[in-house]
Each structure stands twice: as C-alpha cells, then as structure tokens.
Amino acid sequence: MNKKKEVIRTESVSKVYNPDTIPVHALREVSVRFDEGEFTSIVGPSGSGKTTLLNMIGGLDEPSSGQVFVHGQEITAMSDRERVAFRLEHIGFVFQYFNLIPVFTARENVSFVMFLQHRPEREIRERAEQLLVEMGLEEKMDSRPAEMSGGEQQRVAVARALASRPSFILADEPTANLDTVSAMNLLDMMARMNREEGVTFIFSTHDQRVIDRARRVIRMVDGAVESDEFREG
Amino acid sequence: MKTYLILAWRNCWRNRRRTWITISAIAFAVLLSILMQSLNRGSHDLLVENMARYSTGYLQIRDVRFEDDPSPDNAFEYGDAIEKEVLAMHPDVRMVIPRIQTFMLAADDEGTKGALVMGVDPEREQVLNGLMDQLVEGRFFSWKDGGSGNDGGSVNDGSSGIEPSEAVVSAGLAERMELAPGDTLALIGQGRFGMSASGLFVVSGIVKLPVVEMDRQTVYLSLPQARYLLSAEEHVTSLLLLPRHKRDTDDIAQTVRTKLAGTELTVATWEELMPDLLEFIKFDMAGSYVLSIILYVVIGFGFFGTVLTLTLERRREFGVLLSVGLKRRLLSLIIFLETLMVSVTGVLIGWLLTTGVLLYFVQNPIQLTGDLAESIMDYGWEPILPVSLDPGMFLSQGLIVFFLAVGISLYPMAKIARLKIIEASRS
C-alpha cells in the first residue's frame with residue numbers, strides 16, 4: 001500500500017492538436033499519479049508527448065479530454081485566472097532555456113515570484129539569499145543573467161522555482177543546454193533538495209544523466225505511457 | 001508597485017539605442033509641434049493685443065445702434081458721473097478710456113485720403129497702448145485735462161475754445177500724404193446729426209502704429225478738439241474698459257452687460273468686435289493643428305513600430321512570466337508603464353528643448369524681411385515672428401503624447417490578453 005500523499009493525478013488525459021484539419025494526438029488517455037517527494041523523469045523520443053503532459057500538469061495547457069488533479073483540486077476545471085493563482089502557489093517551473101528576466105539580477109529573479117505572492121519583504125530577501133547560497137551562487141547574487149554562465153542561470157532558475165515553496169517542480173529538459181559539469185552540478189542540487197527538503201521534481205528529458213538519477217522513469221511513446229518504472233532510491 | 005516600476009524602467013533600457021531613437025522622435029515631435037503653435041499663437045496674440053489696444057479695446061461700451069451705423073450720430077453722453085458709475089460696475093475695471101471716432105477726408109496740398117479720425121485722451125491711451133511711445137517725429141498735442149475728458153473747453157483758448165488745433169498723424173498716412181510735423185492738414189466730413197465738420201490742423205507729431213491698417217489712415221485729435229469738430233460736445237462713440245487682467249474680460253463683460261440691460265448702451269468684447277479676426281485666427285490655427293496631427297501620426301507609427309518589435313521579441317518572456325504566476329493585467333501594466341516612461345522621457349526632453357528655443361526667441365524675435373515681410377504687413381501684422389509661452393501648449397502636447405502612448409500600448413495589451421502561454425514559451 002502506497003502511504004505517500006498524492007500530489008498529482010491525471011485521468012485519461014488526451015490532447016489533440018488541429019482536431020478539425022489534420023489531427024495530431026499529442027496525448028492519448030494518459031492516467032498517471034505522482035506522489036510527494038518523487039524524483040521522476042518522463043522520457044521518450046521527440047513528439048512522444050512528455051512536454052505536453054508536463055504542460056497539462058502545470059496548468060499551462062488544457063486537455064482535449066480527461067482531468068488533472070493537483071492536491072485533489074481539478075485544475076482542468078479552473079478558469080485562466082484561477083490557474084494563474086494556483087500555479088503561483090503550487091507549481092515551480094524550470095525551463096530548457098532558463099528564461100530568467102534579463103533586466104533583473106539573480107537575487108531579483110528569485111525574489112520576483114515571492115513578490116508576486118505578496119510575501120513580507122524581509123522573508124523575500126532572506127529566502128532569496130538562502131536559496132542562492134544553497135545553489136552555490138553567493139558570488140553571483142547581484143549579477144544579471146547575461147553575466148552568468150548557462151549552468152549558473154539554470155541554477156538561478158531552480159532557485160526561482162523553489163522560492164515560492166511549491167508543491168512540486170516541473171522541469172522541461174533542464175539540462176539540454178548545459179555542459180556535462182554544469183548538468184551534473186544542477187542534478188546534484190536538485191537531488192539534494194529532493195532528499196533533504198522533500199521537494200517533488202518531475203522532469204521531461206531525454207538526457208541519460210537525468211534518467212540515471214531518477215527514482216521513477218515514465219516512458220512515453222506516441223502520446224501514451226509505455227512503461228512506468230520505480231527504482232530503489 | 002515599486003518592483004513593477006523598476007522592471008518597466010530597466011526594460012526600457014534593454015536596447016538603449018532603440019529607446020533613445022524613440023525618445024528623440026517624441027522629443028522632436030513635441031519641439032516642432034509646440035514651436036509651430038507658439039509661433040502661431042505668438043503672432044495671433046500680438047495681433048489681437050495690438051488690435052485690441054489700438055483699435056477696439058478688450059471691452060467697449062457703445063450705443064446699441066453704433067454697430068450698424070458707426071457715425072457720431074450714435075455717440076452717447078459721457079461725463080464724470082458716468083465714468084464713476086462704470087468704474088463701480090466691476091472691481092476689475094482698472095480704467096475707462098473715452099474715444100470719439102469717425103471717418104473723414106484728410107486733405108493737403110497734394111490730394112485727399114480717407115482717414116480714421118480719433119479723439120483721444122493721450123494719457124489714458126498711454127496706459128492702454130503706450131501711444132505716446134510710438135511717436136517717431138515731433139510731439140504729442142498738449143492735454144491739460146486729466147479728468148474724464150468731458151470738459152474740453154477748459155483745455156484751450158481761442159475762438160473755438162480749443163486752440164491750438166493740432167493733430168498727430170500715423171506714419172503710414174503721413175507717408176502717403178507726404179506730411180511732416182508743422183504741415184497743415186484739413187479734415188472734412190460730417191459731424192453729429194448732419195452738421196458739417198471741417199477744420200485745419202497743424203501736424204504736431206507722427207506715430208508709428210503696429211497695426212498696419214490703422215497706420216495707413218489714422219489721425220489723432222485731442223478728445224475736446226474732436227468733439228468740437230464733430231459737434232458732439234460731451235459725447236463719445238465708445239468707452240473702452242481696461243481690465244486689471246486680460247483673463248477678467250469675459251467676467252467684466254457679463255457683469256456690465258447685465259447692468260446696462262434696459263439702456264441704449266451695450267458692451268462688447270474684442271471677440272465680438274472683431275469676429276473676422278477671430279475666424280482668421282481659428283482658420284490659421286487649424287492649419288497648425290493639421291500639421292501637428294500629421295507629425296504625431298508619423299511619430300506614432302514609428303513608436304508603434306518599436307512597440308510592435310518589442311512585443312514580438314519578448315513573446316517568450318511574456319509566456320514565462322505568465323507561467324510563473326504573473327497575472328496578465330500586471331504584465332499589461334508593466335508594458336504600459338514602459339510605453340509611458342519612454343513617452344514621458346521624450347515629452348520632458350521635448351519640453352526642455354522647446355523652453356530653451358522659445359526663451360531664445362523671446363530675447364531675439366525673428367525679424368522678417370523682403371517680400372515675406374511685405375505680405376505679412378499686408379495682413380496687418382508686424383513683420384516679426386513673436387512666440388507664445390502659454391503653458392497650455394506644453395500641457396496639450398504632453399496630453400497628446402500620453403494618449404498616443406495609451407493608444408499604442410493597447411496593441412501589446414491585446415496581445416498579452418490573447419497570448420497562449422505554451423506557444424509563447426516555445427517562440
């Protein structure tokens with residue numbers, strides 16, 4: 001019996017692009033559950049639907065059919081405005097291209113999400129500094145993205161994702177644009193956050209380095225789950 | 001709000017060169033637009049000022065029949081008592097200036113010209129328009145009556161009771177009639193109620209009037225002299241009211257009009273007295289407004305192009321910001337602030353530049369020469385390009401740019417409202 005608390009559940013989620021012209025089935029009846037503290041990789045070839053699934057879970061896209069629940073709340077039934085507020089409180093995002101705000105420093109990038117949550121100024125400052133120190137970026141706090149390497153930018157992006165104390169972090173190909181050392185450093189950081197603070201990570205990736213570190217690997221082919229493998233942590 | 005302001009401000013400077021080009025375009029549009037209006041308004045203000053001061057006054061009391069029949073027949077009685085009564089009508093009436101005027105023939109040895117004969121109190125005219133400062137030759141006729149000008153007989157001695165018979169002639173008329181101080185001028189015309197009016201006057205001085213039309217034809221007599229000539233003792237054809245401030249004109253007109261109701265007198269403002277001039281000014285300003293609109297349309301498209309590029313360039317960033325939880329309306333606010341900041345900076349720089357240029361032109365008015373000056377003078381304008389410093393122009397141009405910025409920022413706002421996060425994040 002699984003005693004862990006459910007964080008995410010998808011029920012028969014399908015996504016069809018261009019349904020009226022040339023339909024493309026990005027997801028086919030995907031039902032999957034993610035529990036608290038997981039470190040999961042969703043893998044598969046390009047076009048297999050892993051990023052689409054991540055977008056559904058993150059409330060960034062709406063399924064053609066099926067439902068997505070986060071903490072028991074059906075986010076697929078929420079309005080756009082409700083989903084924005086929900087994402088802000090519950091979900092952290094890490095993108096392939098880092099996507100930091102270029103005119104903000106590392107500290108400001110991390111603080112911005114907490115600012116949107118209307119956290120007290122002192123808490124924002126302390127947490128941003130603490131996260132950047134944990135990411136090994138104490139020297140780069142006041143640097144802008146253009147003054148940082150790709151690995152450093154991605155670590156700031158992870159710190160930003162963690163800043164809002166989300167229920168889980170969705171990372172779309174987080175190591176795709178990083179060299180091996182930076183990728184391994186990043187994975188170490190995320191693994192430590194997962195192990196020590198229980199942060200739930202869900203990656204979409206085809207990077208074997210990420211797959212090797214995952215404790216659960218979901219393989220997708222043609223928009224459907226082909227296998228779901230749990231490994232010993 | 002501070003964070004949004006910081007974000008917007010820094011975003012403005014992500015591409016410094018582009019931002020400076022946009023700011024420069026706005027500043028240039030503001031500069032040109034205000035300068036154009038300032039020159040127009042300056043010329044109009046000067047024209048109105050001169051016309052009002054030398055011709056109609058800002059406000060004028062006259063007989064109700066005078067407009068249709070501007071002859072001495074429609075003069076009205078004026079004395080100390082009436083002057084006190086008029087002054088008491090409104091506290092902002094600084095002074096009353098009596099005039100009697102009619103058209104007559106002016107003749108000398110060489111020929112005859114039509115002339116506007118004005119009986120005036122030079123000292124009061126001096127307060128209104130600095131008439132005596134316009135003297136270019138000779139001297140002004142003597143004037144010993146410092147009162148209402150009603151007691152003409154006490155001024156001079158002689159058979160008419162008003163001697164010596166002196167006149168001050170405008171420079172244009174003097175030139176046309178080849179008159180100089182010391183020459184004799186005959187005035188022939190009709191006095192009050194069909195009385196024959198004629199007299200010989202020695203030209204005591206020549207004045208250069210800034211209103212060309214008046215400069216071509218005016219003969220000034222002392223008020224008692226003119227009254228005697230026109231058989232209109234104790235009468236004037238108009239009573240000019242000098243307001244303490246020009247802005248009081250309409251208020252005074254309204255009050256005086258109410259108090260004159262039921263009498264044969266009426267009051268008119270310069271706009272009512274010179275409707276053609278008002279129409280001309282409106283027509284002339286319309287041209288400058290059209291040019292301003294064209295200028296702003298051109299600048300607006302340039303500005304819009306910048307915002308369009310900026311919106312397309314930053315689609316992914318917008319998508320990411322929306323992904324992490326920024327509300328669409330707050331993202332729109334940031335974009336609006338960016339547009340506004342660029343506009344405000346452009347307007348402020350435009351204002352500074354314009355102020356500098358206008359202050360220079362105040363000190364050094366542009367003097368027109370040659371054919372252009374001639375044609376300007378034909379319209380009754382002085383051949384200079386005066387400028388106006390009316391703060392209203394600065395405000396209106398600022399508002400135009402503000403609304404331009406609001407209009408332009410609607411595009412990125414509409415884009416943000418319909419932005420699909422997934423597509424934007426992948427772009």
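The values are calculated or read from the model by the stated rules, or taken from the named source; none is laboratory data. Quick caveat, the model's predicted, so the values are computed rather than measured. Here Cβ is always computed from backbone atoms with ideal geometry, including for glycine, and neighbour counts include all displayed protein chains.
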> Within segment B:54-83, restricting attention to residues that are outside any loop (DSSP other than H, G, I, E, B) and of a type in the set (S, T, N, Q), which residue is farthest from B:D215 (Cα to Cα)?
Replying inline: B:N74
> When segment A:179-209 is examined, which residues are found to be aliphatic (A, V, I, L, M), touching an Asp or Glu at 6+ places or on another chain (Cβ under 9 Å) and under 29 Å from A:V84 (Cβ atoms)?
Replying inline: A:M189, A:M193, A:I202
>> I'd like the full set of residues that are within 14 Å of chain A (Cβ to nearest Cβ) and either farther than 27 Å from A:M114 by Cα or touching a strand residue (DSSP E or B) at 6+ places or on another chain (Cβ under 9 Å) (or both), limited to segment B:286-332.
In response: B:V320, B:S323, B:V324, B:G325
>> For segment A:40-148, give me every one of the helices (runs of 4 or more DSSP H) that falls completely inside it and has 1 or more residues that are more than 10 Å from chain B (Cβ to nearest Cβ), surrounded by 22 or more Cβ atoms within 10 Å (Cβ to Cβ) and charged (D, E, K, R).
In response: A:50-57
>> Restricting to segment B:263-278, name every residue that is assigned to a helix (DSSP H, G or I) and either surrounded by 15 or more Cβ atoms within 10 Å (Cβ to Cβ) or of a type in the set (S, T, Y) (or both).
In response: B:W270, B:E271, B:E272, B:L273, B:L277, B:L278
> Within segment A:13-32, how many residues turn out to be within 19 Å of A:R219 (Cβ to Cβ) and loosely packed, with under 15 Cβ neighbours inside 10 Å?
Replying inline: 1
> Could you list, in sequence order, the residues of segment A:217-233 that are within 24 Å of A:A159 (Cβ to Cβ) and assigned to a strand (DSSP E or B)?
Replying inline: none
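Quick grid of which residues meet (1) farther than 22 Å from B:S396 by Cβ; (2) part of a helix (DSSP H, G or I); (3) outside the structural domain of B:S38 (by TED's automatic domain parsing); (4) at pLDDT below 90:
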residue	(1), (2), (3), (4)
B:I334	yes, yes, no, no
B:I349	no, yes, no, no
B:G356	no, yes, no, no
B:E374	yes, yes, no, yes
B:G380	yes, no, no, yes
>> Looking only at segment B:281-316, how many residues end up being surrounded by fewer than 19 Cβ atoms within 10 Å (Cβ to Cβ) and either closer than 30 Å to A:L162 by Cβ or outside the structural domain of B:N15 (by TED's automatic domain parsing) (or both)?
In response: 3
>> As an exercise: evaluate B:M51 against (1) assigned to a loop (DSSP other than H, G, I, E, B); (2) buried (at least 20 other Cβ atoms within 10 Å of the Cβ) and give the number of the one condition it does not meet.
In response: (1)
> Is one or more of the residues making up segment B:338-359 touching a residue at least 60 places away in the same chain (Cβ under 8 Å) and within 14 Å of chain A (Cβ to nearest Cβ)?
Replying inline: yes
>> Pairs please, first residue from segment B:42-61 and touching a residue at least 40 places away in the same chain (Cβ under 8 Å), second anywhere and of a type in the set (D, E), Cβ atoms under 8 Å, 6+ apart in sequence or on different chains.
In response: B:H44/B:D284; B:L46/B:E382; B:N50/B:E382
